[in-house]
Each structure stands twice: as structure tokens, then as C-alpha cells.
């Protein structure tokens with residue numbers, strides 16, 4: 001079969017299985033990205049979740065012998081939630097980022113790539129393929145940009161004309177020399193809204209992210225959250241959408257296309273207090289199909305405690321006291337102690353002082369002291 005005909009038929013097949021955009025690029029090295037990644041390492045801006053070998057991240061031929069081209073795909077996901085529940089006093093809610101609504105995108109994108117692999121193998125018996133989604137070696141954004149899926153925005157997301165930046169990305173290296181597509185021209189222009197509103201200043205310049213300061217990254221860490229970031233979390237329990245929601249290119253992009261990505265409102269915006277006591281089994285049963293569950297319940301629970309402090313939710317004090325006194329994990333006990341001090345109330349000081357006498361972990365003791373200091377400061381302000 002002629003390459004041109006195969007490529008045309010593949011594009012039609014991809015659309016038939018729910019791929020919203022497909023593009024092609026050559027498999028030559030990503031030289032510019034290599035330089036950017038080296039600079040990221042020098043600045044220590046990396047999250048630590050990505051592949052550490054820069055050569056593998058930018059040299060497709062190291063990942064597939066005889067690599068000729070790369071197929072890039074994109075699936076659009078919703079930016080709006082229908083029938084979203086509203087949190088209120090006594091029933092506060094957290095929020096998962098939009099990229100974690102519905103079925104885990106790693107699974108959904110991988111399913112499409114697998115179908116494409118099978119389709120190609122039927123037509124090209126000696127085809128060589130290597131697919132990846134997010135956790136693979138290649139930089140999804142660099143591949144998508146070069147393959148004409150969209151341009152790389154100042155918010156470090158691929159922005160498509162059709163769906164804005166609300167797209168999941170995946171790619172497949174192959175030894176078939178497909179005709180490359182033309183990259184899309186950058187349309188960010190002079191706009192810098194994403195840089196100006198980033199809660200922690202993680203977007204240090206257009207297209208450069210200090211992941212160590214990014215709220216989306218911070219919500220996935222498992223240790224104590226540094227003090228300077230706690231107030232910036234708000235009610236986010238996984239991820240952050242601020243740099244996307246302010247983007248003019250996302251205006252009007254609801255993207256209610258795939259049923260599998262439509263969120264269960266009660267899971268995408270869950271009640272916070274019940275999260276504090278959820279077991280591993282319950283967490284997996286309830287949230288396990290979402291991409292936001294990949295780090296387990298610990299970060300979600302820690303973030304839920306911080307969110308309750310953000311709301312100054314007095315009704316949560318008894319539950320927080322129980323976490324501070326009984327939870328086996330120091331991070332939970334300490335964060336709860338800090339939150340109790342942040343929220344305050346008639347029982348807060350007594351509970352914190354009792355905990356101070358019994359607690360033995362040095363880090364937790366420090367958080368209890370922070371809680372007591374917050375109470376003192378709050379009392380002085382009222383006076």
C-alpha cells in the first residue's frame with residue numbers, strides 16, 4: 001500500500017475510534033527541547049516524575065530502531081461540569097483538576113494507540129511501533145507541537161484551535177515514513193494572563209515552568225506541604241487549572257465529546273470531611289478509575305485537611321482532632337494540627353496543648369507549635 005493512501009486511511013480510522021486530532025512528524029531529534037530540558041535541570045525546575053535521561057526524551061531513534069516518523073494524537077476533555085454540587089458551610093468540597101475528571105486518560109489514550117497499532121500491523125506486517133502516554137520518554141508537548149496538533153502555549157500546554165488546551169496527548173514512534181504535518185503558528189501573542197495569575201509564580205516565563213512551585217505538582221507530593229504554598233492550595237485536592245481557565249483560547253470550549261471523560265460531580269468535587277477517614281479499599285473503589293488517584297489517598301487527604309483550613313470550617317474540628325490524635329501518619333497528624341490552629345474555635349487550643357504533651361514526632365510537634373502560634377495571632381487580631 002502506498003504511504004500516502006495508508007496515511008489517509010489511518011486518519012479516517014483514528015477519527016472513527018474517537019481520536020479528536022491526529023498529526024504526523026519526522027523522527028529526527030528534538031534539538032530545541034533538548035536544550036530546554038538541560039536548562040530545566042540546571043535550574044532544578046523538574047518535578048522528578050519525568051524520565052531523567054534527556055537523550056531518551058529527545059532522540060526517538062534511541063527508543064525505536066529504524067524510527068522514521070511519529071504519530072501524535074489528541075483527545076479532548078471537558079472544561080465544564082454539568083450539575084456541579086456547591087459546597088457550603090458544614091459541607092465543604094474539594095476539587096479535582098479537569099484532567100482527572102472521568103476515566104484515567106492514560107487508559108483512554110492508550111486504548112486508542114493500541115487500536116492504531118493493531119490496525120497498522122494488519123496492513124504493514126513488518127511495522128515497528130512504540131507508543132507512549134504521559135509517562136513515556138518523549139515529551140508529549142514537543143511531539144504534538146511539531147506534528148501540528150497545536151502550539152505550545154505560555155502556560156506550557158498544547159493549545160489547539162478546536163479544543164483549546166483541554167486535550168490529552170499520546171504518540172507512537174514508527175518505522176513508516178509518513179508525510180510530516182506543518183506545525184501551527186503560535187497564537188499567544190502578547191497575552192500573559194497565565195503568567196500573571198499563576199498562584200505560586202511557577203510560570204517563570206512564557207513556556208518555562210518551575211515544577212517545584214507548581215500547584216498541580218505540589219498537590220501530588222506526599223510529605224508536609226511547605227508553609228508558603230498552603231494558602232495557595234485553596235480547595236484544590238488534585239491538580240490546578242488556573243493557567244488554563246484564564247486562557248482566552250479556552251473560552252467557550254466545553255468539549256462534551258467523550259462520555260468516558262464526563263465527571264461524576266460527587267467525585268470530581270467531593271465532600272472534604274469524608275475523605276479524612278476513607279480506607280485504602282474505599283478510596284480505590286471510589287476514585288481508582290481517575291488519573292488523580294495514582295499517588296494514592298495520602299496526598300488527597302492531606303490536601304483535604306488544608307482545604308478545610310482554607311474554608312475555616314469549624315464543623316470539621318472534631319474530625320481534625322481525631323486525625324491529629326489517632327492517625328498513624330505523621331504528615332496527617334501534623335497537617336491536622338496546623339489546620340486546627342488555622343481554623344481556631346473554642347476547643348482548638350485545649351486539643352493542641354494535649355497533643356503537644358503526647359506527640360513524639362519532631363515534625364508533628366513543629367506543626368502543633370505552628371497551630372498554637374496561629375491561634376495566638378488570631379486572638380491578638382481580634383483584640
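Taking helices (runs of 4 or more DSSP H) that fall entirely within the stretch 1-120, which contain at least 2 residues that are within 19 Å of residue 167 (Cα to Cα)? Spell out the reasoning first.
Working: elements: 3-16, 31-43, 54-58.
Per the criteria, 3-16.
Going through the stretch 301-312 one residue at a time, which ones are at negative phi and surrounded by fewer than 23 Cβ atoms within 10 Å (Cβ to Cβ)?
Initial filter on the stretch 301-312 (at negative phi): 301-311.
310, 311, listed by residue number.
Every residue in the stretch 264-288 that is touching a helix residue (DSSP H, G or I) at 6+ places or on another chain (Cβ under 8 Å) and either within 19 Å of residue 107 (Cα to Cα) or not in a loop (DSSP other than H, G, I, E, B) (or both), please.
Across the stretch 264-288, the qualifying residues are 267, 268, 272, 273, 275, 280, 283, 284, 286, 287.
Can we say residue 240 is in contact (Cβ under 8 Å) with a residue 24 or more places away in the chain and buried (at least 19 other Cβ atoms within 10 Å of the Cβ)? Before you say what the answer is, go through the steps one by one.
On the way: in contact (Cβ under 8 Å) with a residue 24 or more places away in the chain: yes; buried (at least 19 other Cβ atoms within 10 Å of the Cβ): yes.
Spelling it out, residue 240 is indeed in contact (Cβ under 8 Å) with a residue 24 or more places away in the chain and buried (at least 19 other Cβ atoms within 10 Å of the Cβ).
Do we have residue 146 as modelled with pLDDT of 95 or more and over 24 Å from residue 220 (Cα atoms) here?
Yes; evaluated as a whole, the condition is true for this residue.
With respect to residue 30, is the statement that it is out of contact with any strand residue (DSSP E or B) (no Cβ under 8 Å at 6 or more places or on another chain), surrounded by 16 or more Cβ atoms within 10 Å (Cβ to Cβ) and in contact (Cβ under 8 Å) with a residue 40 or more places away in the chain true?
Yes: the conditions hold for residue 30.
Quick one: in the stretch 180-197, of everything that is loosely packed, with under 15 Cβ neighbours inside 10 Å and within 23 Å of the chain's Cα centre (by Cα), which residue is farthest from residue 214 (Cα to Cα)?
The residue in question is 192.
Pick from 339, 355: which is within 20 Å of residue 92 (Cα to Cα) and touching a helix residue (DSSP H, G or I) at 6+ places or on another chain (Cβ under 8 Å)? It would help to see each step written out before you state the result.
On the way: 355 fails: within 20 Å of residue 92 (Cα to Cα).
After ruling out the rest, the residue left standing is 339.
Would you pick out the residues in the stretch 96-113 that are surrounded by 13 or more Cβ atoms within 10 Å (Cβ to Cβ) and out of contact with any helix residue (DSSP H, G or I) (no Cβ under 7 Å at 6 or more places or on another chain)?
If the condition is that a residue be surrounded by 13 or more Cβ atoms within 10 Å (Cβ to Cβ) and out of contact with any helix residue (DSSP H, G or I) (no Cβ under 7 Å at 6 or more places or on another chain), then 98, 109, 110, 111, 112, 113 are the ones that fit.
Residue-wise test of (1) within 30 Å of residue 8 (Cβ to Cβ); (2) in contact (Cβ under 8 Å) with a residue 12 or more places away in the chain.
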| site | (1), (2) |
| --- | --- |
| 178 | yes, yes |
| 190 | no, no |
| 212 | no, yes |
| 218 | no, yes |
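Of everything in the stretch 69-121, what is without any contact (Cβ under 8 Å) to a residue 24 or more places away in the chain and more than 17 Å from residue 261 (Cα to Cα)? Give them in sequence order.
86, 88, 114, 118, 121, listed by residue number.
The values are calculated or read from the model by the stated rules, or taken from the named source; none is laboratory data. Everything quoted here is computed from the prediction, not taken from an experiment. No Cβ is skipped: glycine too gets one built from the backbone with ideal geometry, and neighbour counts run over all protein chains shown.
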